[in-house]
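To start, the structure under review is shown below, and the notes come after it.
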Amino acid sequence: MDETLSDEKRKEVDNQVKNFMNDEKMIEFLSSIFKVLADPTRLKIIYALSKSPLCVTDISEMLEMSQSSISHQLAMLRNKELIKVERVGRKAIYSLDDEHVITLFKEGYNHAEHKKNN
């Protein structure tokens, strides 16, 4: 695809890129989200929570990891506001923060699946 941008389109794209580049806080935060998601254990947790809200015990049993390890990973996900916690009595029930989190996961998964099969 050898498409040359018109002057008008080039200026529009240039302005959009410059506006993006000038938003350092957003770039840093976005980068930190992808860094947190770049861990296989945290991806497994996100996947599990996409199926149902779960407590630490449930997640640790499903992933066959210690509760301590899972708690550490959950803290990292909470710190980036990718998951949330609700107290039910003495239990902490974890769930995805909102639909954006599952969309991020699904799009990344779909892309990986597409590339894996090509």
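Each value in this text was obtained by applying a stated rule to the coordinates, not by laboratory testing. Note that the coordinates shown come from a computational prediction; the quantities given were computed from them, not determined experimentally. Positions of Cβ are backbone-derived with ideal geometry, glycine not excepted, and every protein chain shown enters the neighbour counts.
Put a dot 7 Å past the Cα of Ala112, heading toward its Cβ, do the same for Val88, and the two dots end up 2.8 nm apart.
Using r as the Cβ-Cβ distance of Glu8 and Glu99, and R0 as 41 Å, what FRET efficiency do you calculate, to the nearest 0.05?
Values: r = 35 Å, r/R0 = 0.86.
FRET efficiency, Glu8 to Glu99: 0.70.
Each principal axis of the Cα cloud of the chain was taken in turn, and the coordinate range along them, longest first, works out to 62, 36, 20 Å. Close amide H pairs (under 5 Å, H built 1.01 Å from N) link Asp97 with Ile83, Lys84, residues at least 5 positions away or on another chain.
Here the gap between Thr57 and Ala38, fully extended at 0.36 nm per residue and compared with their Cα-Cα distance, gives a gain of 4.5 nm. Note on the chain: GNM, Cα springs under 10 Å; of Thr103, Thr41, Thr57, the largest mean-square fluctuation is that of Thr103. Here the Karplus curve 6.51 cos²θ - 1.76 cosθ + 1.60, taken at θ = phi - 60°, turns the phi angles of the stretch 35-49 into couplings of 5, 5, 6, 7, 10, x, 5, 5, 5, 5, 5, 4, 4, 4, 6 Hz, with x standing for Gly and Pro. Among the trypsin sites (Lys or Arg not before Pro) within the stretch 42-118, those in coil by DSSP and having at most 16 neighbouring Cβ atoms inside 10 Å are Arg90.
Remark on Ala92: its backbone amide H falls under 5 Å from those of Val56, a criterion applied only to residues 5 or more positions apart or on other chains, H modelled at 1.01 Å from N. Evaluating 6.51 cos²θ - 1.76 cosθ + 1.60 at θ = phi - 60° for every residue in the stretch 88-98, the Karplus couplings come out as 10, x, 9, 8, 9, 9, 9, 8, 5, 5, 6 Hz, glycine and proline recorded as x.
Give me the percent relative contact order of the chain, please, defined on Cα pairs under 8 angstrom at least 6 residues apart. Before the final figure, lay out the partial values.
Values: 76 pairs, mean separation 25.5, N = 118.
Normalised by residue count, the contact order of the chain is 22 percent.
Comparing mean-square fluctuations of Glu107, Glu12, Glu24 from a GNM of the chain with C-alpha springs under 10 Å, the top value falls on Glu12. Among the GluC sites (Glu not before Pro) found in the stretch 45-106, those both in a DSSP coil and sparsely packed, with 10 or fewer other Cβ atoms within 10 Å of their Cβ, are Glu64.
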